[in-house]
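K.L.:
The structure under discussion is supplied below as structure tokens; questions concerning it will follow.
Quick note: the coordinates plus some simple rules give every number you see, no bench work behind them. Predicted model, so just to flag it, every value in this text is computed and none were measured. Cβ atoms come from the backbone with ideal geometry, glycine included; neighbour counts cover every protein chain shown.
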Amino acid sequence: MMALFNERVFSFPKPVALMKKIVEQATKDNDTILDFFAGSGTTAHAVMAQNAADGGNRKFVVVQLPEALEKGNREQKTAYDYCHGIGKPANIAELTKERLRRAGKAVLEGECHPDWNRDVGFRVLKVDTSNMQDVYYRPDQIDQKDLLATVDNIKPDRSPEDLLFQVLVDWGVDLTLPIKRETVQGKTVFFVDGSALAACFETGVTEELVKELAGREPLRVVFRDNGFVSDAVKINVEQVFRQISPATDVKSI
């Protein structure tokens with residue numbers, strides 16, 4: 001830890017060498033290792049190190065609550081000051097992420113197996129409420145004047161990335177697949193693993209954009225329910241894909 005941080009930001013981190021030995025003995029090359037109490041992130045560090053040693057392609061899932069660090073706690077003061085020094089919120093999860101960034105860089109700078117893909121990347125996902133608006137009323141409890149308030153079914157503070165990962169979870173798509181962002185017909189479109197999924201959550205989607213996406217023949221495509229430039233375009237989407245890319249699964253949220 002001193003080699004990574006030059007400070008004692010964790011009091012009792014697990015030894016990387018011990019966790020690396022456990023990973024080596026208890027897993028296969030393509031296994032996924034789960035640590036539900038990530039803490040300092042030693043397990044993830046050990047997975048990267050063992051992959052570098054034997055050319056494996058193991059993945060890790062580490063979970064850590066954003067447990068706040070207390071400036072007045074003598075054992076946590078160093079970590080608290082460190083988080084503020086790098087402009088991050090003072091909690092354990094932020095230290096875990098910073099440790100993994102530094103550990104990945106250190107692993108790449110060391111001796112690596114010639115067949116290793118040199119992948120030390122990771123994604124950070126946070127548990128949150130649904131992206132969809134909360135609707136608690138029965139039809140007989142809604143007045144006509146209230147209908148306009150329910151036109152947009154997505155909460156206003158949600159980003160396109162929030163919607164994308166909801167779709168990945170709903171469809172059971174691997175969250176670690178590569179994601180590419182492209183501009184198509186002036187709109188931002190996400191392509192997951194090439195053609196596994198195409199997603200556009202912007203408004204003003206035209207039939208020309210729908211046809212261009214259909215021409216790429218993705219396995220799945222998803223749009224925002226109220227994202228089409230007109231009702232006619234929305235109605236024609238499935239017909240366009242049926243003609244150009246009949247194997248594509250079409251969905252709106």
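K.L.:
Roughly how many debye, to the nearest 20, is the charge dipole of the stretch 1-138 about its Cα centre, given +1 on each Lys and Arg Cβ, -1 on each Asp and Glu Cβ, and no other charges?
P.N.:
Details: 20 positive and 18 negative charges, 42 e Å.
Taking the Cα centre of the stretch 1-138 as origin, the dipole is about 200 debye.
K.L.:
Here is a further query. Once amide H atoms are built 1.01 Å from N in the peptide plane, which residues 5 or more positions from Ile33, or in another chain, come under 5 Å H to H?
P.N.:
Here the answer is Lys59, Phe60, Val61, since their amide H atoms fall under 5 Å of that of Ile33.
K.L.:
Among the lysines, select those whose C-alpha is under 24 Å from the C-alpha of Lys21, and discard any that sit fewer than 8 residues away in the same chain.
P.N.:
Lys59, Lys97, Lys105
K.L.:
Arrange the peptides 191-203, 172-184 so that the one whose residues have, on average, the most other Cβ atoms within 10 Å appears first.
P.N.:
191-203, 172-184
K.L.:
What lysines sit close enough to Lys155 to cross-link, taking a C-alpha to C-alpha distance under 26 Å and skipping anything fewer than 8 places away on the same chain?
P.N.:
Cα-Cα hits under 26 Å: Lys126, Lys145, Lys180, Lys187, Lys234, Lys251.
K.L.:
Further question: Karplus couplings for the stretch 180-193 from phi (6.51 cos²θ - 1.76 cosθ + 1.60, θ = phi - 60°), rounded to Hz, Gly and Pro as x?
P.N.:
Values, residue by residue: 10, 9, 10, 9, 10, 6, x, 10, 7, 10, 9, 10, 9, 6 Hz.
K.L.:
Same structure again: Please give the contour-minus-distance gain from Arg74 to Leu18: 0.36 nm per residue of separation, less the Cα-Cα distance, rounded to one decimal in nm.
P.N.:
17.4 nm
K.L.:
Moving on. Measure off 7 Å from each Cα along the Cα-to-Cβ vector at Glu208 and Lys180, then give the distance between these two points in nanometres to one decimal.
P.N.:
2.2 nm
K.L.:
Only helices at least 27 Å long along their axis, Cα-based, and averaging -0.5 or more on Kyte-Doolittle count here, so list those DSSP H runs from the chain.
P.N.:
Taking the DSSP H segments of the chain (at least 27 Å long, mean hydropathy at least -0.5), we get none.
K.L.:
Amide H neighbours of Arg220 under 5 Å, counting only residues 5+ apart in sequence or on other chains, H built in-plane at 1.01 Å?
P.N.:
Here Leu197, Ala198, Asp249 satisfy the definition.
K.L.:
For Val167, Val189, Val63, what ranking results if the residue with the fewest other Cβ atoms within 10 Å of its Cβ goes first?
P.N.:
Val63, Val167, Val189
K.L.:
To continue, here is another question. Which residues among the stretch 1-31 fall inside the zone where the amide N is under 18 Å from a point 7 Å beyond the Cα of Asp81, along Cα→Cβ?
P.N.:
Flagged as within label range: 2-12.
K.L.:
Give the separation of the Cα centroids, the stretch 1-50 to the stretch 52-115, in Å.
P.N.:
10 Å
K.L.:
Rounded to the nearest 500 deg cm²/dmol, what is the calculated helix-only ellipticity per residue at 222 nm for the chain, with -39500 (n - 2.57) per DSSP H run of length n ≥ 4?
P.N.:
Per the formula, -11000 deg cm²/dmol.
K.L.:
With a 10 Å Cβ neighbour count serving as the proxy for reagent exposure, in which order, fewest first, do Lys28, Lys155, Lys59 appear? Intermediate results must be reported in sequence, preceding the final value.
P.N.:
Working: Lys28 8, Lys155 14, Lys59 17.
Least to most surrounded, the residues fall as Lys28, Lys155, Lys59.
K.L.:
Could you pull out which residues in the stretch 72-115 have an amide N less than 14 Å from a spot 7 Å beyond the Cα of Asn6, following the Cα-Cβ vector?
P.N.:
Zone members listed by number: 82, 85-86.
K.L.:
Okay, next question. If I model a spin label at Asp29 and Trp171 as a point 7 Å from the Cα along the Cα→Cβ vector, what separation in nanometres do I get?
P.N.:
Result for the modelled spin labels: 2.9 nm.
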